[in-house]
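To start, the structure itself, in structure tokens.
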Protein chains: 2
Amino acid sequence: MRIVVDAMGSDERPGPDVAGAVMAARKFGDTIILVGDKPLIEAELAAHGQLLSAHGQPLAAHDIAGLSIEIVHAAEEIVMKDSPSAAARDKRDSSLHVGLRLVREGAADAFVSAGNTGAILATATLRQTGLGRIPGVLRPAMGVVFPIDTKPMLIDNGANADAKPEYLLQFGVMGSIYMERMHGIARPRVALISNGEEEGKGNLLIKETIPLMESSGLNYVGNIEPKEFMRGAADVAVVDGFTGNVMMKTAEAVAGYLLDTIRKNIMAGTLTKIGGALARPAFKRVRDEFNPDEIGGAPLLGVNGVVIIAHGRSNPYAIQQAIGQARRVVEGGIVAAIAEGLK
Amino acid sequence: MRIVVDAMGSDERPGPDVAGAVMAARKFGDTIILVGDKPLIEAELAAHGQLLSAHGQPLAAHDIAGLSIEIVHAAEEIVMKDSPSAAARDKRDSSLHVGLRLVREGAADAFVSAGNTGAILATATLRQTGLGRIPGVLRPAMGVVFPIDTKPMLIDNGANADAKPEYLLQFGVMGSIYMERMHGIARPRVALISNGEEEGKGNLLIKETIPLMESSGLNYVGNIEPKEFMRGAADVAVVDGFTGNVMMKTAEAVAGYLLDTIRKNIMAGTLTKIGGALARPAFKRVRDEFNPDEIGGAPLLGVNGVVIIAHGRSNPYAIQQAIGQARRVVEGGIVAAIAEGLK
């Protein structure tokens, strides 16, 4: 398998991107194609003995000679403040464009990037320079699997700030196929996120989507609130990309705020500080459980190829996991299954 | 001051509602008008010596003879599964209708209920049987002050699942007036909740609202994400009621999930359990900080009278706080200020 990794993606690029690629090449034995500023990537690979793992230990056995790593140069760089549409239109020599072109031309099987999400969405969806859509797909959507015990998917997580009922229906189909093939769930339970479960709740979009869901053949279980989502009432929770993105970011922000507040209060007294030290293994387990790095990245479903969007704050381990996810999406035949499922 | 309390509101009605009313009558010296099933309310008042405070201690000095408490009978009851519009249209003898009528007719200054939110919204907004809107208000909105250190308001929290740019503008005006008068903030910072701060982010609704905000005279500080909201980047965060409701419920659900997970992990080992016991005062402070009971309820802004919507799970203390909030909204002249501000 040949997987393209955007070396110029993460906030700390190209360090974590290159290190994660090396880890993945070693772990999976695949060919990794690093795309970006070639001299920078080469310097990073050369300095690789100095890199630390996600847990702070130096990565052992740094001889990368036996690994299958290729470099493809890309002269331009996309930065966070680039407008997605302008980046998609104008920066044809960016790592994003060059990398996606390799997938489009069949020179690679999947694309992984921790870069500007909007630019990835815009570029990947373009038919001329990106991958285009799978036949029948109205709008690609970004799915995100929440790192909680039941591992539910929220889709769309921001690809479409404005949606229509028929888009939401397809998000449900694509999310269902992903969860069935990737997480081994037979007949995934599909729900709509709403402001209440009772009949009559929901905005116009949700109300118009309900009959489509009911007659879809999906295992549609109704409308759920965020509380039920967190309790695992659905495997695939469908929502427009604006609300989905706000929901996901609220979850992250509240978790961060709460953990900070607990830490501050524990550090404020001697006894509580001792208690906190004794309870540290429990807190560590909680942090490990909530670790989005384990999940990998967010699959961009509906484009005609495998694209995994990793978090901008990815460390090498997270990049490795996103690459591992990409190879499983390729092996799972998700793209073909979506094409089939939407027929 | 005369404040109506819906005795048939909370999940455990009429216990917490009546007890909270007694606490408020004692604390503030106002007249409290309990509306609901008269025999039930009388029995509750008679048994009042048995009631426990929010902290589990019996409420001392239970002689309610010196307090100004009145009872007004309402023959019908609205339950959670009643459709809001049907309840508003048909249950004219419910505590909700009877209580709001007292405010409309000038027999009381404010209305407090922990009942079915949708039914309160629908009934209060009706011009014939409720309070109607303040002249100039397009849509009333529900504001909720988050119980985090910076105490920001999110508006709309669910009154309008579908909104228009001119509604959002008014939500900003009403929220700003509330935060200025009730929380003493000069020129409150008003922001729009969006899926990104960069230009070009947002759904169509947000994009069309931005120019209205910019030319409004409000202290508009731009678009913010949930992370910035939690960090206190705005005093008033404006959003449509669907997204706002999902956002608020996500915050509650994630906080509950995270605290449960921490508790489980602490209880899973002997040392961590001891640590947890030592750290208990810190956890208690965190719980107290996040306690929405301190805030009171959610003001329904834009209706032509003072309405405070308390949580269905309210205990007596929360009801007392909501009544205290109602009297401050009356004293602050919020209704007149909104009428003036929208001219």
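Values quoted throughout were computed directly from the atomic coordinates according to the rules given, and no laboratory measurement underlies them. For clarity, every value in this text was computed on a predicted model and none was experimentally measured. We place every Cβ from the backbone using ideal geometry, glycine too, and count neighbours over all the protein chains shown.
Note on chain B: with a GNM built from Cα contacts shorter than 10 Å, the maximum mean-square fluctuation among B:LEU258, B:LEU45, B:LEU218 falls on B:LEU258. Sorted from closest to farthest, the other copies place their B:GLU199 label points 4.9 nm away, with each point set 7 Å from Cα along Cα→Cβ.
Only helical runs count toward this figure. For chain A, summing -39,500 (n - 2.57) over DSSP H runs of n ≥ 4 and dividing by all residues gives -14000 deg cm²/dmol at 222 nm. Here are some pairs, B:LYS81/B:LYS227; A:LYS207/A:LYS227; A:LYS264/B:LYS284; A:LYS227/A:LYS264; which of them have Cα atoms lying more than 24 Å apart in this structure? Check vs 24 Å cut-off fails for B:LYS81/B:LYS227; A:LYS227/A:LYS264. Multiplying the residue separation of B:LEU271 and B:ASP11 by 0.36 nm and subtracting their alpha-carbon distance yields 89.7 nm.
For the pair A:LEU212 and B:ARG127, label points projected 7 Å from Cα toward Cβ lie 3.6 nm apart. The mean count of C-beta atoms from other chains within 10 Å of the C-beta of residues in A:227-240, rounded to a whole number, is 2. With the simple model of a label 7 Å out from the Cα in the direction of the Cβ, A:GLU340 to B:MET80 spans 4.3 nm. When DSSP beta bridges are restricted to pairs lying wholly in segment A:185-343, around 20% turn out antiparallel. Plainly put, the tip 7 Å out from Cα toward Cβ on B:SER216 is 3.4 nm from that tip on each other copy, the closest given first. Per 5 Å bin, what percent of the C-alpha pairs of segment B:129-169 does each bin hold, from zero upward? With 5 Å bins starting at 0, P(r) equals 5, 20, 23, 23, 15, 10, 4, 0. Rg and Dmax, both from the Cα atoms of segment B:125-222 and both in Å, are 13.9, 45. Counting Cβ atoms of other protein chains within 10 Å of each Cβ in A:281-293 and taking the mean gives 4.
Along each principal axis, taking the top coordinate minus the bottom one, the Cα set of the protein assembly as shown gives 89, 54, 49 Å in descending order. Site pair A:GLU331 and B:ARG280 shows an inter-label distance of 4.9 nm when each label is modelled 7 Å from Cα along Cα→Cβ.
Bridgeable aspartates and glutamates around A:LYS201 (alpha carbons under 13 Å apart, same-chain partners fewer than 8 residues away excluded): A:GLU225, B:ASP82, B:ASP162.
Compute the label zone of B:HIS183 within segment B:199-229: residues whose backbone N is under 16 Å from the point 7 Å along Cα-to-Cβ. What the label zone holds, given the 16 Å backbone N cut-off, is B:219-222, B:224-229. In nanometers and ordered shortest first, the copy-to-copy spacing of the A:LYS164 label point, defined 7 Å from Cα toward Cβ, is 2.2.
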